[in-house]
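Notes follow once the structure below has been shown.
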There are 4 protein chains.
Amino acid sequence: MDDFRWPVRIYYEDTDNGGVVYHANYLKFMERARTEWLRDRGVEQDALIESHGVIFAVASAQMDFLRPGRFNQRLLVSVRPTLTRRASVVIEQEVCRVLENGEEGDVLCRGSVKIVCVDAVSLRPRPFPENVRREILSDR
Amino acid sequence: MDDFRWPVRIYYEDTDNGGVVYHANYLKFMERARTEWLRDRGVEQDALIESHGVIFAVASAQMDFLRPGRFNQRLLVSVRPTLTRRASVVIEQEVCRVLENGEEGDVLCRGSVKIVCVDAVSLRPRPFPENVRREILSDR
Amino acid sequence: MDDFRWPVRIYYEDTDNGGVVYHANYLKFMERARTEWLRDRGVEQDALIESHGVIFAVASAQMDFLRPGRFNQRLLVSVRPTLTRRASVVIEQEVCRVLENGEEGDVLCRGSVKIVCVDAVSLRPRPFPENVRREILSDR
Amino acid sequence: MDDFRWPVRIYYEDTDNGGVVYHANYLKFMERARTEWLRDRGVEQDALIESHGVIFAVASAQMDFLRPGRFNQRLLVSVRPTLTRRASVVIEQEVCRVLENGEEGDVLCRGSVKIVCVDAVSLRPRPFPENVRREILSDR
């Protein structure tokens, strides 16, 4: 099984005064990849709100910022679900560079993000809808 | 009449790879100042949603980025309402530096922002609630 | 001549409490499109800093926020240069929706952004490098 | 010893489509508080770059997002250094609400952020300048 990967380009908006990607922005890149991973499996989050009244909230995140990312670099963000429970899943993610020759380069950032399925109004935990759970557990 | 002014400090999050404040962030600074200007006049926007079902949307903005802002600088953001209509108001705003000695320095950015009062659900224009209109027009 | 267009997807990071795209983020979308338009014409901005010591700064922007953008929508951001001078260019840009059937939908935001070529250190205006100027003026 | 605390107000820019603070923004709030904590102890980061050629980089972060923050709420962000080493320090931080009556409310987010002192150009670890180290270790 290969992890899902989503390409991200580093723009000016992502960088800071230190000339590198501002650390908090890796959380944005990781969420984009999770959103596209779900979409790839047929799960649209706006449809989920309407059909099931649930959204996915980030409950915790352990992030390691290993190497600096710089303006204009191409990145790949991976998504690998682990520890799936009734209402939560832990996603392991890596952000790595894509080199000029198209090969994968260094890992810039590694994260472990816990997502909880919650009621869109009360924000209380709710079991994943069955089709979502099936897609998360599937390891095609 | 003196314009309302709100202090803003430039943090890493606000800067980009060019070593200066990322241009889009001046719109954030200006909105913070408008929010505090309303609060100073007793208008809390979260209360307005509940009491009148309206929110304030930005309809247009003309921005001039005159000089670079840099990490750690102190800024003052001014708010001056002009052209108040039934459901809209144009706010003239300036972002200027505060020098070491506490005096006002160069203007970094100047903006003219048109705010429209809209229904929180349909997002269609709605007249300002009477107390908001009075506060906006007041030139204490 | 057809305008250059760049696809953007609306993620959680782009939205606000009003359930729509936060207005300042349209400036980010427009800059992404300008960066990709330059790339499409062989102009890489990180290479420009090293070869010519110049960067592109946003000098002013006139933005009209016409309709709300919402989470998960697909957008297209257009780039059309006008008024090219020695050290500046005005870029007309539109952000429009892409409908489910793939056709172009409403324009959400329209902007006119003035870019100035500046020295990367002093931030003073400098003429565009010749190859950049040629590409900007070219209307393939 | 009392922890340093820095007030933060939640603006529209900080919220997302779910009606709550976007998770990545807590990292921004925490960095603002660390910057002000250093300033409170006489350490200005822009001066440090010039005098010692060092900047502070975030090496890792463990974040727990406990309760939702909402538009217009007042927050307090605490800073407590632990595990200070030659070139790194772990900072324990909490983001808690300030209630209407001015008392401290629930903790919304808890984080443990590892900061490394690095060379501003090479980004390699460098020992903290002596005065910075003294201030970090001091528990007034």
Report summary line: Scanning segment A:70-82 residue by residue, those away from chain C (no Cβ under 14 Å) and over 26 Å from D:Gly111 (Cβ atoms) turn out to be A:Leu76
Query raised in the report: How many residues are of a type outside the set (A, V, I, L, M, F, W, C) and part of a loop (DSSP other than H, G, I, E, B) when one looks only at segment B:13-64?
Result: 10
Report summary line: Counting only residues that are within 8 Å of chain C (Cβ to nearest Cβ) and either more than 14 Å from B:Glu36 (Cβ to Cβ) or modelled with pLDDT under 95 (or both), segment D:5-19 contains a total of 5
Report summary line: Taking segment B:33-61 and keeping only residues that are crowded, with 19+ Cβ neighbours inside 10 Å, in contact with a helix residue (DSSP H, G or I) (Cβ under 8 Å, 6 or more places away or on another chain) and of a type outside the set (A, V, I, L, M, F, W, C), one is left with B:Thr35, B:Gln45
Query raised in the report: Looking at this structure, is A:Val43 out of contact with any Gly (no Cβ under 7 Å at 6 or more places or on another chain), more than 15 Å from A:Val95 (Cβ to Cβ) and touching a residue at least 12 places away in the same chain (Cβ under 8 Å)?
Result: yes
Query raised in the report: Looking at B:Phe65, is it touching a His at 6+ places or on another chain (Cβ under 8 Å) and open to solvent by 20 Å² or more (accessible area, probe 1.4 Å)?
Result: yes
Query raised in the report: Quick one: in segment B:113-140, which of the residues that are free of Cβ contacts under 8 Å to residues at least 40 places away in the same chain and not in a loop (DSSP other than H, G, I, E, B) is surrounded by the most Cβ atoms within 10 Å (Cβ to Cβ)?
Result: B:Pro125
Query raised in the report: In segment A:22-31, is there at least one residue being under 23 Å from A:Ser122 (Cβ atoms), touching a residue at least 60 places away in the same chain (Cβ under 8 Å) and open to solvent by less than 10 Å² (accessible area, probe 1.4 Å)?
Result: no
Query raised in the report: Do you know which residues across segment B:94-134 are under 17 Å from B:Ile49 (Cβ atoms) and of a type in the set (Asp, Glu)?
Result: B:Asp119, B:Glu130
**Report entry** Checking C:Glu92 against (1) within 14 Å of chain A (Cβ to nearest Cβ); (2) part of a strand (DSSP E or B), the condition it does not meet
**Finding:** (1)
Requested in this report: Restricting attention to segment A:68-81, report how many residues are surrounded by fewer than 20 Cβ atoms within 10 Å (Cβ to Cβ) and touching an Asp or Glu at 6+ places or on another chain (Cβ under 6 Å).
Outcome: 2
Query raised in the report: When only residues in segment D:20-44 that are over 21 Å from D:Val116 (Cα atoms) and among the aliphatic types (A, V, I, L, M) count, which is modelled with the lowest pLDDT?
Result: D:Val20
**Report entry** All positions within segment D:101-123 that are modelled with pLDDT under 95 and out of contact with any Leu (no Cβ under 7 Å at 6 or more places or on another chain)
**Finding:** D:Asn101, D:Gly102, D:Glu103, D:Ala120, D:Val121, D:Ser122, D:Leu123
Query - Residues that are in contact with a Ser or Thr (Cβ under 9 Å, 6 or more places away or on another chain) and more than 10 Å from D:Ser78 (Cα to Cα), drawn from segment D:92-110 - result: none
Query raised in the report: Restricting attention to segment C:70-82, which residues are touching a residue at least 60 places away in the same chain (Cβ under 8 Å) and part of a strand (DSSP E or B)?
Result: C:Arg74, C:Leu75, C:Leu76, C:Val77, C:Ser78, C:Val79, C:Arg80
Query raised in the report: If we scan segment C:99-110, do we find a residue that is among the β-branched types (Val, Ile, Thr) and open to solvent by less than 20 Å² (accessible area, probe 1.4 Å)?
Result: no
Query raised in the report: Looking at segment A:1-18, which of the residues that are open to solvent by 50 Å² or more (accessible area, probe 1.4 Å) and touching a residue at least 60 places away in the same chain (Cβ under 8 Å) is nearest to B:Asn25 (Cα to Cα)?
Result: A:Arg9
Query raised in the report: For C:Ser138, are the conditions met, namely being of a type in the set (Ser, Thr, Tyr) and within 13 Å of chain B (Cβ to nearest Cβ)?
Result: no
Report summary line: Subset of segment B:56-84, residues at pLDDT below 95 and hydrophobic (A, V, I, L, M, F, W, C), comes to B:Leu83
Requested in this report: Determine if segment D:32-49 includes at least one residue that is at the interface with another protein chain (Cβ under 7 Å from one of its Cβ atoms) and within 30 Å of B:Asp46 (Cβ to Cβ).
Outcome: yes
Query - Residue among B:Arg85, B:Arg67, B:Arg97, B:Arg110 that alone is part of a strand (DSSP E or B), among the basic types (Lys, Arg) and away from chain D (no Cβ under 14 Å) - result: B:Arg110
**Report entry** B:Ala24 being out of contact with any strand residue (DSSP E or B) (no Cβ under 8 Å at 6 or more places or on another chain) and within 13 Å of chain A (Cβ to nearest Cβ)
**Finding:** yes
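The values are calculated or read from the model by the stated rules, or taken from the named source; none is laboratory data. In this text, all values refer to a predicted model and were calculated from it rather than measured experimentally. Counting neighbours? That spans all protein chains shown, and the Cβs are built from the backbone with ideal geometry, glycine included. Only protein heavy atoms, including side chains, enter the accessible area calculation; ligands, DNA and RNA are left aside. Shrake-Rupley method; radii C 1.70, N 1.55, O 1.52, S 1.80 Å.
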